[in-house]
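Just so it is clear, none of the values below were taken in a lab; they were calculated from the coordinates. Here the structure is a predicted model, which means the values were calculated and not measured. Cβ: placed from backbone, ideal geometry, glycine included. Neighbour counts: every protein chain shown.
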Amino acid sequence: MKLVLVGLPGCGRTTLLKALAGDPDLDPAKPLTVKVPDPRLDRLAELAEVRRKVATSMVFVDVPSPAFEPKHMTRMQDASAIVLVLDNYARGNLERDFLSAEGELCLSDLSTVENRSNRLIKEGRKGCRELELLDRLRDHLEKGLPLRTMDLTPSELSMLRGYSFLSQKPILVVINRADRPVADEGALIEVADRHQASTTAVNAAFELELSELPEEEHQAFLGSMGYQGSSLSRLIRQAYVSLDLVTFFTMNPEEVRAWPLPRNATALEAAGKVHSDMARGFVRAEVVGFERFADCPDMPELRSRGELRVEGKDYVIRDGDIIQVRFSV
């Protein structure tokens, strides 16, 4: 899962990346891998009495300013989502900067639509389903609306899978603020909601300063500044949620592990995530929800109660499911 950090010069994007790394000397040109905090994983490790726990992770990549030059926009094409950092500690032009960034994404996609449409026409494919869909996309983009706000059928989404449209990607807007924000954030949040973009706020400079302190001093320092906790964990979790993923867990005597999976994915897909042999030889999945296991952390007992369910390959994985795949190869 790759997320690109973009923003106008001076927005604090690189400071945020260094804060996420907890390293003021981080080289921003290198990708940064961060673990996704999930208290359920910690609880499972405690209940199962295992030492090793493996969290899901995401990779953040810093896109240099100006991010919306063609040579830099190519870095966004293989990203799972876009993290747009906006400055609310100096300039505070939040709504304008957000719409400007969205406009650049839409223009890039409009160019892609035009190029592909012209090629289809030259090939004599007027009236084909793909060209009709591209015409609809053009109309939408020319209104300044990102493709993520379009109502598309599963077959249409499948048709567009190879395009890597930028305005179709999930976007998380990070409002980088000081102790006292210089502008009201309400208008931005309202516009972002209409564009199906999620928002969160951080003080990147403060978080970087916090990361330089010994961990045992964090809570006292946060309290002295009037903060209840670090905003970075919330940012990472929200970035994860923006990808529309669920988390399932696997357990064995040595470790517990969290796995990301697209929402509405099946038990067969979950098995393939763990190991291709599990998908190839899938027989069944034994499933129990996290809350149920936390109440009774005893698999044999859950099985005797009928609460450890047996599911087939088409079972849709729910967030928090603990699964054990039975397979034969």
Would you mind calculating the gained length between R43 and E254 on full extension (0.36 nm times residue separation, minus the Cα-Cα distance), in nm to one decimal?
74.4 nm
Collect residues whose amide H, placed 1.01 Å from N in the peptide plane, falls under 5 Å from the amide H of A201; neighbours closer than 5 in sequence don't count.
I175
Per 10 angstrom bin, beginning at 0 and ending with the bin that holds the maximum distance, the Cα pairs of the stretch 246-327 fall in percents of 19, 56, 25, 0
Okay, helix-only estimate at 222 nm for the chain: each DSSP H run of n ≥ 4 adds -39500 (n - 2.57), divide by all residues, round to 500 deg cm²/dmol; what do you get?
-11500 deg cm²/dmol
Suppose the Debye formula is applied to equal point scatterers at every Cα of the chain; what is log10 I(q)/I(0) at q = 0.09, 0.15 Å⁻¹?
-0.59, -1.25
If packing is taken as the average number of other Cβ atoms within 10 Å across a peptide's residues, how do 192-200, 27-35 rank, most packed first?
192-200, 27-35
List the aspartates and glutamates whose Cα sits under 14 Å from the Cα of K143, skipping any in the same chain fewer than 8 residues away.
E102, E104, D109, D135
State, to one decimal in nm², a quarter of the convex hull surface area for the C-alpha atoms of the stretch 140-222, i.e. the direction-averaged projected area.
8.6
Over the stretch 258-329, what relative contact order in percent results from Cα pairs under 8 Å that are six or more residues apart?
47
Residues other than R177 with Cβ under 12 Å of its Cβ, Lys/Arg counted +1 and Asp/Glu -1, net out at -3
Full-extension gain in nm, I121 to S276, via 0.36 nm per residue minus C-alpha separation
51.7 nm
Within 10 Å of each candidate Cβ there may be at most 13 other Cβ atoms; applying that plus a DSSP loop requirement, which trypsin sites (Lys or Arg not before Pro) in the stretch 208-290 survive?
R263
Dmax and Rg, reported as Rg then Dmax, of the stretch 201-287 (C-alpha, Å)
19.1, 56
What percent does the relative contact order of the chain come to when contacts are Cα pairs within less than 8 Å and at least six residues apart?
20
